[in-house]
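Each remark here refers to the structure printed beneath this line.
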Amino acid sequence: MARHLGEQGHVAALDLNPAMLAAARSLGDSEGVLVEWHQGSALELPFPDQNFDLLVCQQGLQFFPDQPLALREMHRVLAPHGRVVISINQSLEHNPLYETFNAVFTRHTGTPSLAAPFAFGNEAKLQRLLSEAEFSSIRVERVSLPTRFKSANDFVQGTILGSAAVIPGFAQLNAAHREALMQNVLQEMRDVLASYTKENHAFDFSVVATIGHAEVE
């Protein structure tokens, strides 16, 4: 987004987690894009009223402890006719690969690592929350998003490492324990993973998600 805007606008990014923010900043710096980085809460956005023309919330709303408040904050910082775009995962039952991964991971760790990322609900819930936050021109749709990893190993490793962001105890595991866990998951899921693996070892699947679009009058 920052690369697309260039000098015609500015981009601000916010995350509550310092580690996630540092990773994003490192990627942005390596690509030479100009972004204002902020650590803060979606429940109290550190921006003045009517400050943005576009707000994008990607895979965040399902984690917010007060979703109605977060949406009211988004509405507050958008200028008149400003737009919000929200992306959230559909439930695990609509994402069978992640449903299987979650079951295997839970057997090995005792913790359902993917419960929170896939726990938001359906399109009707997002439609209702956007309406209650006084957005207009609301459009909510279910989409299937093509997703690719270089290999099945990369998929499992990336999903396990991503779990560290939502499971505090898992974040404390050392490298040896994480590697052992990855090998156990790879072994137990080998047949499922093989069904998504192409001849060039690329790992392709789709994530079923909900996308919401709305405007401020």
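Here are some notes:
- By DSSP, the beta bridges lying fully in segment 41-215 are antiparallel in about 75 percent of cases.
- Given their separation in residues at 0.36 nm each and the Cα-Cα distance between them, ASN17 and HIS213 gain 68.0 nm when the chain is fully extended.
- Placing dummy labels 7 Å off each Cα toward the beta-carbon, the span from SER151 to SER206 is 2.8 nm.
- Between helix 123-132 and the chain: long-axis angle, C-alpha atoms, 0 to 90°, nearest 10: 30 degrees
- Radius 15 Å from Cβ of LYS150, net charge of other residues (Lys, Arg +1; Asp, Glu -1): -1
- Simple label model, 7 Å out from Cα along Cβ direction - ALA124 to ALA79, nm: 3.8 nm
- Taking the charge dipole of the chain about its Cα centre, with +1 at Lys and Arg Cβ atoms and -1 at Asp and Glu Cβ atoms, the residue from ALA103, PHE118, ALA70 reaching farthest to the positive side is ALA103.
- Charge tally around LEU78: other residues with Cβ under 13 Å, Lys/Arg +1 each, Asp/Glu -1 each, net -3.
- Using the Cβ-Cβ distance between SER91 and GLU31 with R0 set to 30 Å, the FRET efficiency works out to roughly 0.35.
- A crude spin-label estimate for the pair ALA175 and ARG190, with each label 7 Å from Cα along the Cβ direction, gives 2.6 nm.
- Here segment 6-91 is assigned +1 on the Cβ of each Lys and Arg and -1 on the Cβ of each Asp and Glu. Its dipole about the Cα centre then comes out at about 220 debye.
- Of the Cα atoms belonging to the chain, the radius of gyration and Dmax stand at 18.8, 53 Å.
- Mean separation of Cα contacts under 8 Å (6+ apart) over length of the chain, as relative contact order %: 23 percent
- Against the main long axis of the alpha-carbon atoms of the chain, helix 96-109 sits at an angle near 70°.
A short reminder: the numbers here are calculations on the coordinates, not readings from a lab. Bear in mind the structure is a predicted one, so any value in this text is a computation, not a measurement. Methodologically, a virtual Cβ is constructed for each residue, glycine included, from the backbone with ideal geometry; neighbour enumeration extends over all protein chains shown.
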